[in-house]
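Read through the structure below, which is laid out as structure tokens, and then see the notes.
The values are calculated or read from the model by the stated rules, or taken from the named source; none is laboratory data. Here the structure is a predicted model, which is why all the values come from computation and not from measurement. Here the Cβ positions follow ideal geometry from the backbone for every residue, glycine too, while neighbour counts run over all protein chains shown. Ligands, DNA and RNA are excluded from the accessible area calculation, which covers all protein heavy atoms including side chains. Shrake-Rupley method; radii C 1.70, N 1.55, O 1.52, S 1.80 Å.
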Amino acid sequence: MPPPMPASRPQTGVINAGSRPYRSHKVRACDLCRKRKSRCTVDIPGQSCLLCRVQGADCHYQEDPPPESSSVNADTKPSPGSQSLAGHKRRRESELAAGSVEDPGDSLSDKGHSSPSLHRTRDSRDDDKRRRKDEQDPQNESVLIVGPVAAEDAQVIEKYMPSERSSKSVETGKKPYKVYSNDPRKPVLYTTVSRRRQGVRVGNPPGETQKEILEQILGPFRHDLVRLFLDRFNVAFPIFDGQAFWEAYISGAPDDPPTTLLCQVYAMSLVYWKHTPKLARHPKPDVRYAINLTVAALHEEFSAPGLSSLSAALVDLTGRPIFSMTGNAISCGRLVSLSHCLGLNRDPSNWKISLQEKKQRIRLWWGVVIHDRWGSFGHGVPPQIAKNQYDVPLPSVEVLVTQPRATSQHIRAAHCHIALCRLTEILGELLPLVYQLQPRSARETSKKLRHIRTDLDTWEDSLPEFLRAPSQSSEASICGTSSLHLAFLAVKMLVCRVELHEVNNSDTDNPEARRYFQTECRKAAEEIVQFMASLQNVHFREFWLPYSAFHLTSTATLLVRCALETTDPEVARSCLANVDTLRSILRRVREEEDWDVADMCLDHCERILSRHPEIISSNIGGASGGNQDKNTNNNAGAVDENNNNNNNNLTMTPATMGLPETHTHNDIVDDMMSISGTFGTMDGFPFDMTGIWDVSGFQDVNFT
């Protein structure tokens with residue numbers, strides 16, 4: 001009889017198929033099944049267990065400790081400790097089935113051909129490491145405000161819990177809620193949640209690819225654009241701490257400032273390119289291409305949103321030009337929802353947070369309110385923020401001015417922004433009357449409108465002296481006073497529109513009241529035209545809200561409507577003359593100052609007059625005769641001059657009054673609001689590298 005062969009001994013680090021990790025288990029259970037003390041059933045080899053798949057959880061195993069010794073004598077019988085270690089390193093028999101062999105030593109004799117199950121084991125361990133790294137990453141955490149009902153319940157329950165000093169108390173880190181404010185009347189609790197969806201692979205940071213493309217395009221001018229944005233944009237419309245942003249930017253720290261926010265800063269500062277002598281000598285990059293990049297970066301950012309996402313979205317909505325109205329309206333809704341999730345609608349004055357974060361929250365919230373209200377006015381959609389659903393105080397100069405050495409321009413810009421916030425509050429009282437669908441008594445509506453008119457008069461009287469009228473000096477060129485006054489006149493015109501709407505829809509016919517409010521509407525629109533005619537070129541280099549484009553378009557539309565509804569030829573002639581004056585002003589500033597706000601109104605006027613040439617007839621007309629005056633004076637007297645010129649054109653026929661072509665220097669008018677009410681979309685994905693540079697800048701160079 002041949003001598004018995006010695007039994008092969010398992011090597012350290014090798015999964016032994018003949019041993020078991022537990023006395024009562026043939027296959028090791030996953031960590032979650034062990035925690036639940038449930039049976040771990042693997043019905044599909046190489047996949048998660050049945051219970052983990054049903055609950056959508058990750059099926060993983062705890063990492064084993066490294067072996068104490070790297071080699072074991074083959075002639076020595078392994079100790080119980082090494083057998084236990086080998087047992088802990090086992091995996092499921094279903095995973096070993098693909099590479100099982102009779103002799104473990106022979107299976108690993110050729111180290112270049114490892115078992116596929118071992119590859120899967122390494123991959124699962126790598127996934128577990130990445131998952132635990134994401135859980136421990138503080139950048140992956142975001143705040144979620146607890147609703148007022150649940151906050152009150154949690155506050156009551158907390159009174160009956162043992163104190164923190166007691167041995168029975170729960171550790172602070174394990175509490176489901178954390179506290180912002182302990183005010184018994186308005187408790188504010190929050191919990192931390194993951195910014196990213198569980199199971200989503202983390203690639204490059206959001207906006208990293210777009211930032212690299214933009215920096216390659218901008219080259220050495222990117223620092224100038226950031227400085228231009230902070231000095232002109234962020235001063236007039238404070239969104240973040242400009243000083244802290246600049247210090248983080250020049251330090252070159254990774255992910256600070258956030259990449260998506262930096263992309264927005266690069267793109268939205270391009271509208272001021274030709275206003276800087278250093279940059280005006282070079283061709284301006286294509287604004288559409290840059291904004292397409294930032295829109296893609298913002299979509300990536302909202303896959304893991306946080307407080308920095310709000311800053312980037314606010315810059316996107318505040319920037320110009322307007323390429324997609326529907327896209328902006330959707331972005332505004334997403335912005336409001338995220339603001340409520342982060343608790344920006346609550347007063348942070350007494351919260352347990354730093355002073356810088358308190359100021360940042362107030363700035364962000366009022367930026368959200370401004371875009372919700374004025375976006376509702378411009379886009380024609382109801383607002384989403386109600387007055388009784390937030391208690392954040394109006395921002396103060398100390399909250400808005402972050403520069404260590406603030407100048408008078410910074411102080412004036414802060415006062416201008418505060419005035420805009422107060423005007424936004426008045427607009428919030430008016431918008432429910434615009435979008436109301438339920439019947440309301442005429443007396444109640446009239447009372448509300450009188451109250452709003454009183455508030456507007458009080459607002460105008462409370463303005464400081466330097467904000468009462470656009471200054472003729474360049475000192476106020478960055479504070480946005482012109483945009484503020486245009487917004488004020490637009491609200492007054494909206495009040496007149498609501499009053500006219502109420503008269504037209506009343507049960508009783510009142511021709512005198514109708515004529516009166518038609519006259520009020522016409523005077524409000526003419527006041528806007530006179531205001532635009534009074535502005536100098538320097539005012540068009542200021543900060544302008546993008547909603548100014550809607551105000552100008554609404555003005556021209558209302559004037560054309562008044563010309564059609566009136567029975568007085570003189571009034572109709574005056575309305576069309578004002579439309580022509582407004583078009584002449586906008587053409588001039590579009591060409592001379594690269595003022596993109598004029599594009600929407602110019603395109604809208606051309607569509608109306610080209611589709612309805614009958615509004616210019618011999619019995620009301622000759623209004624286009626004002627087009628022959630190419631050098632329109634920039635003062636209120638230009639309107640009267642055009643009226644005098646039109647008196648000599650009463651006998652002109654429509655055939656002899658050809659409309660001149662209006663070159664808006666903008667190929668995106670089809671993406672804006674047209675007379676038919678269609679809307680454009682933000683397309684351009686994937687991005688086309690052609691046409692990155694706008695060659696129109698070469699036309700301004702004098703080669704002689």
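Hey, what's the Kirkwood Rh for the stretch 234-385 if you take every pair of different alpha carbons, in angstrom?
Details: mean 1/r = 0.0609 Å⁻¹.
About 16.4 Å, per the Kirkwood formula over Cα pairs.
The label-point distance for I411 and T41, in a model that sets each label 7 Å from Cα toward Cβ, rounds to 7.7 nm.
Show T402, T407, T294 ordered by accessible area, largest first, where the area counts protein heavy atoms only and the probe is 1.4 Å. Present the calculation step by step, with values, prior to reporting the outcome.
Details: T402 30, T407 65, T294 0 Å².
These residues rank, largest area first, as T407, T402, T294.
If I model the stretch 382-513 as equal point scatterers sitting on the Cα atoms and use the Debye formula, what is log10 I(q)/I(0) at q = 0.09, 0.16, 0.21, 0.22 Å⁻¹? Ignoring solvent entirely, the Cα scatterers give -0.36, -0.90, -1.27, -1.34. When +1 charges are put on Lys and Arg Cβ atoms and -1 charges on Asp and Glu Cβ atoms, the dipole computed for the stretch 476-618 relative to its Cα centre reaches about 100 debye. Annotation for the stretch 492-552 versus the stretch 291-307: alpha-carbon center distance of 37 Å. Once you treat every alpha carbon in the stretch 476-618 as an equal point and sum by Debye, what is log10 I(q)/I(0) at q = 0.09, 0.15 Å⁻¹? Normalising to I(0) and taking log10 leaves -0.29, -0.76. Toward the positive end of the charge dipole of the stretch 211-324, with +1 on the Cβ of Lys and Arg and -1 on the Cβ of Asp and Glu, the farthest Cα among L228, P283, Q243 is that of P283.
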